[in-house]
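What follows is a single structure, and I will ask about it in a moment.
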Number of protein chains: 2
Amino acid sequence: MSRWFLVTTDHMLVVSFEPSTGWSAPEIKPYGPLSLDPMSSCFQYCTNLFEGMKAYMGPDGKPRLFRPDKNMARLARSAERVALPPFNTEALLTLIKRLVMIEKRWIPTAEGHSLYIRPTIIGTRAALGVAASDQALLYVILSPTGPYFRTGPKPLSLLAVNENVRAWPGGTGGHKLGLNYAPGFLPQRLAAKKGYDQILWLLGDAVTEAGAMNFFVVIKRDDEDGMDVVTPELDGTILPGVTRMSVLDLMQAHNEGRTSLNGLPKLHTQERKVTMSELQKLSEEGKLLEAYGVGTAVIVAPVGKVGFESGDLTLPAHEKGLGPVGNALWRRLVDIQEGRVQWENWGVLCEGA
Amino acid sequence: MSRWFLVTTDHMLVVSFEPSTGWSAPEIKPYGPLSLDPMSSCFQYCTNLFEGMKAYMGPDGKPRLFRPDKNMARLARSAERVALPPFNTEALLTLIKRLVMIEKRWIPTAEGHSLYIRPTIIGTRAALGVAASDQALLYVILSPTGPYFRTGPKPLSLLAVNENVRAWPGGTGGHKLGLNYAPGFLPQRLAAKKGYDQILWLLGDAVTEAGAMNFFVVIKRDDEDGMDVVTPELDGTILPGVTRMSVLDLMQAHNEGRTSLNGLPKLHTQERKVTMSELQKLSEEGKLLEAYGVGTAVIVAPVGKVGFESGDLTLPAHEKGLGPVGNALWRRLVDIQEGRVQWENWGVLCEGA
């Protein structure tokens, strides 16, 4: 991950909001620093939110986005959650498409490569009183990225942590706010010192997310009718990820016979509470087949082991890093994202916006 | 509150941190905008923290701070919590004193007026990968302020809220991070629409904080040996406020006979869990004598009522807004802060730094 996300393209989109005049005319202008009053709400009270999206170059040489309406809707919900002004999601999507077209030459064409898109909204009210920001800056920046794993998927080691808690009922874990991330950096540093790649965030005994990814497990069924694929339910502590939603949708279509995921048997999806106790029991019984994290950056990342107070829980090893379910989902997602497979209008062309 | 915190003084203190060179030479320079890369950690992941302090003009014409070592220690703990680089708290305090001396003419001299000091540290790493910021900017800005209540203390109405939660075990409520504030703005707006001034934050049935203040209640004792003064304990969900600590210290000194707070009887301080059920029962029994919020901005603010699902809980009215305990604490604090009373080196002169 560290190689990517350091370089941006030549241009950025900027729109500002003032209470008296509303949103300004949008500008696509040369990438450059933001100039802000030191009192600004974004520095003092963290009224900041963002989205993560990608533009892919299709085999037709045309840039396309992946389910961008989902990101726009989530961005709008995030803005509302921190009392920033509402915006027109369709107009923003049109502007993002135009920006991508202008920066088309920056989209890497190799498989697994894309142009990462980071829409950001920050509160810019310049006053120290503890209150909502009635001024805002919306900007979109772009950064070319390659695959999360340079040499094919390598299973991640996760450290299960419950002394620090990422999200809580009544908190903001279900929104994509910048403020959900800073509290994870110190625990992440401690986990890295212990030799783990990422944290598996717990709430009590319940599993919530893996690093900044949604978490899935594949479980052997007693009736041999395919497998269970389980992810924590959206109870307000879980980010409603676009990749999460998409793998659930694909498995649903597979089960209904609308598509076939690499000849796999039935995949019974379940959105429900998952606990460490359950995972440990399943592992001991040999029923924990696969675990993975999903998200825009990683797409699908295999989990090799989970460190917990009672010892490491080891997942079965697979030749390609990912197990059969994770691999089939990763393959299908990448094929749709990169435009080799058409599926339910998930791929959205940027041209003509 | 809205009148204040809009104007800053002419100068600000700025120091930056780079991993290869450490902290830069500090600069006191004209107040002006910060120029930052749009990818900066402060915008994207909210690696931001601050302190609230005040400089008061003493009757000797000398500017002084109030227990500034406590703010410096808390700022250092906050920086550690979001994995920002450590800094020399003594050196920073010296620089703040120098900045205050340079801006001395901005300190209002009327009683209840002061120069608000806002030390801020923001993460400035310019990269989109989700990771700790290894670059930082520390700055201190100043803003002249007057009393929270222009025409004497007016009892606040609080709406008790538990569907949104300010802080939780394993979260960051015990640190002064910018990210603790943005999630409160939408609930605060909803509370204002219902006619309440501020929110009383609950965690389940337990009271945690009032708006951005620590919360205290005064309770009638069955044995008539003075009163109980209770505030939620520092369990990680409560900000360890300097004003909170100071009123606890003053009551301790009063009970030990080292000082006398306005001829009051014994004040038995308790740091423990306080629930809404307990407050409702005490109120029905006529034992809930006073409630107030304390903090650097308000000093001591009276609470007149608390709205809760089962109806409003009304506190006894007092001629001066504040009851006898709140008023005695407010009076003593202001006298120490403004240099009319010397107490245990709490007042620290800025000159000669």
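Every read-out reported here was derived from the displayed coordinates using simple, explicitly stated rules and does not represent laboratory data. Quick caveat, the model's predicted, so the values are computed rather than measured. A quick note on method: Cβ atoms are made from the backbone with ideal geometry, for glycine too, and the neighbour counts reach across all protein chains shown.
If you wrap a convex hull around the alpha carbons of the protein assembly as shown, what volume per residue comes out, as a whole number of Å³?
173 Å³
List the Cys residues of chain A that have no partner Cys with a C-beta closer than 4.7 Å.
A:Cys42, A:Cys350
If you filter segment B:83-182 for GluC sites (Glu not before Pro), then keep DSSP loop positions with at most 10 other Cβ within 10 Å, what is left?
Sites meeting the loop and neighbour criteria: B:Glu163.
Quick query: amide H of B:Ile199 versus all other amide H atoms, modeled in the peptide plane; which residues come in under 5 Å with a sequence gap of 5 or more or a different chain?
B:Leu159, B:Gly211
Output the direction-averaged projected area (hull surface divided by four) of the convex hull of the alpha-carbon atoms of segment A:227-353, in nm².
Mean orientational projected area (segment A:227-353, Cα hull): 9.5 nm².
For segment A:264-353, which GluC sites (Glu not before Pro) pass both filters: DSSP loop (anything but H, G, I, E, B) and at most 16 other C-beta atoms within 10 Å?
Passing both the DSSP loop test and the Cβ count: A:Glu285, A:Glu309, A:Glu319, A:Glu344, A:Glu351.
Return one number: the angle in degrees, 0 to 90 and rounded to the nearest 10, between the long axis of the Cα atoms of helix A:68-81 and the longest principal axis of the Cα atoms of chain A.
With both axes taken from Cα atoms, the answer is about 70 degrees.
About the Cα centre of the protein assembly as shown, what is the dipole size in debye to 20, counting +1 per Lys and Arg Cβ and -1 per Asp and Glu Cβ, all else neutral?
Numbers: 74 positive and 74 negative charges, 329 e Å.
Using Cβ point charges on Lys, Arg, Asp and Glu, the protein assembly as shown gives about 1580 debye.
Which loop GluC sites (Glu not before Pro) in segment A:193-252, with loop taken from DSSP, have no more than 15 other Cβ atoms within 10 angstrom of their Cβ?
On the way: sites: A:Glu209, A:Glu224, A:Glu233; in loops: A:Glu224, A:Glu233.
Loop-located and lightly packed - A:Glu224, A:Glu233.
Any chance you could check the Cα centroid distance between segment A:128-180 and segment A:257-319 for me, in angstrom?
Value for the Cα centre distance between the two parts: 22 Å.
In addition: Using a label point 7 Å beyond Cα on the Cα-Cβ vector, give me the inter-copy distances for A:Pro108 in nanometres, one decimal, shortest first.
Sorted ascending, the copy-to-copy spacings read 5.6 nm.
Kindly provide the helix-only [θ] at 222 nm of the protein assembly as shown, computed as the sum of -39,500 (n - 2.57) over DSSP H runs of four or more divided by all residues, to the nearest 500 deg cm²/dmol?
Numbers: 14 runs with 156 residues, N = 706.
Only helices count here, giving -6500 deg cm²/dmol.
When Lys and Arg each count +1 and Asp and Glu each count -1, what net charge do the other residues less than 10 Å away from B:Arg67, Cβ to Cβ, add up to?
Around B:Arg67, the charge tally is -2.
Run the label-point distances for A:Gly286 please: 7 Å along Cα to Cβ, every other copy, nanometres, shortest first.
Here A:Gly286 shows inter-copy label distances of 7.5 nm.
Can you tell me the dipole magnitude for chain B around its Cα centre, using point charges on the Cβ only (Lys, Arg +1; Asp, Glu -1), in Debye to the nearest 20?
With only Lys, Arg, Asp and Glu charged at Cβ, the dipole is about 840 debye.
Could you tell me which residue out of A:Leu239, A:Thr275, A:Gly178 lies farthest along the dipole of segment A:149-279 toward its positive end? Charges go on the beta carbon: Lys and Arg +1, Asp and Glu -1, centred on the Cα centre.
About the Cα centre, the residue reaching furthest to the positive side is A:Gly178.
Using the structure shown, select from B:Lys62/B:Lys320; A:Lys220/A:Lys273; B:Lys29/B:Lys54 the pairs with a Cα to Cα distance greater than 25 angstrom.
Listed pairs above 25 Å: B:Lys62/B:Lys320.
Could you please rank B:Met72, B:Met101, placing first whichever residue has the fewest other Cβ atoms within 10 Å of its Cβ? Can you show the working numbers first?
Working: B:Met72 21, B:Met101 16.
By the 10 Å Cβ count, ascending, the order reads B:Met101, B:Met72.
At 7 angstrom along the Cα-to-beta-carbon line, where would the label on A:Pro265 sit relative to the other copies? Give the distances in nm, shortest first.
The projected label point of A:Pro265 is separated from its counterparts by 7.6 nm.
Let's see if you can work this out: charge +1 on each Lys and Arg Cβ, -1 on each Asp and Glu Cβ, no other charges. What is the dipole magnitude of segment B:1-114 about its Cα centre, in debye to the nearest 20?
For segment B:1-114, the charge dipole is close to 420 debye.
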